[in-house]
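Take a look at the structure set out below.
The values are calculated or read from the model by the stated rules, or taken from the named source; none is laboratory data. Nothing here was measured: the structure is a model prediction, and the numbers come from that model. Here Cβ is always computed from backbone atoms with ideal geometry, including for glycine, and neighbour counts include all displayed protein chains.
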């Protein structure tokens, strides 16, 4: 069984709330500060599949870097852009085994404990 992981941004209130909620439920995830250590393209692709999302659905459209997102829906190209610009990745993302959830709202992660 793999250790639960949280793609975390400590400056984000939803990310902090999600971490606190997990801890309240006895879960101490491996914390990955994805802005400093972005996921690889393969890892991001795996997590997108676990989430059941396409790359654009996990992008923060209000970020300045969104203006440069490649046109079209070529999955590998969009994932590569997200790896290069990790601010675009919605946060937080909680991965627990073969399940994943975006912590928006934070309680959304409770369904995969």
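This table checks each residue for (1) under 11 Å from the mean Cα position of the chain (by Cα); (2) on the phi > 0 side of the Ramachandran plot.
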{"site": "17", "(1), (2)": "no, no"}
{"site": "26", "(1), (2)": "no, yes"}
{"site": "37", "(1), (2)": "no, no"}
{"site": "44", "(1), (2)": "yes, no"}
{"site": "47", "(1), (2)": "yes, no"}
{"site": "72", "(1), (2)": "no, yes"}
{"site": "89", "(1), (2)": "yes, no"}
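List the strands (runs of 3 or more DSSP E) that sit entirely inside region 18-113 and contain at least 2 residues that are in contact with a helix residue (DSSP H, G or I) (Cβ under 8 Å, 6 or more places away or on another chain), modelled with pLDDT of 95 or more and surrounded by fewer than 19 Cβ atoms within 10 Å (Cβ to Cβ). Steps first, answer last, please.
On the way: elements: 30-33, 93-96, 99-102.
Here the list is empty.
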Practice prompt. Could you run through region 23-40 and say how many residues are touching a residue at least 60 places away in the same chain (Cβ under 8 Å) and touching a strand residue (DSSP E or B) at 6+ places or on another chain (Cβ under 7 Å)?
Written response: 1
Practice prompt. Please work out if residue 2 is over 15 Å from residue 82 (Cα atoms), in contact (Cβ under 8 Å) with a residue 40 or more places away in the chain and outside any helix (DSSP H, G or I).
Written response: yes
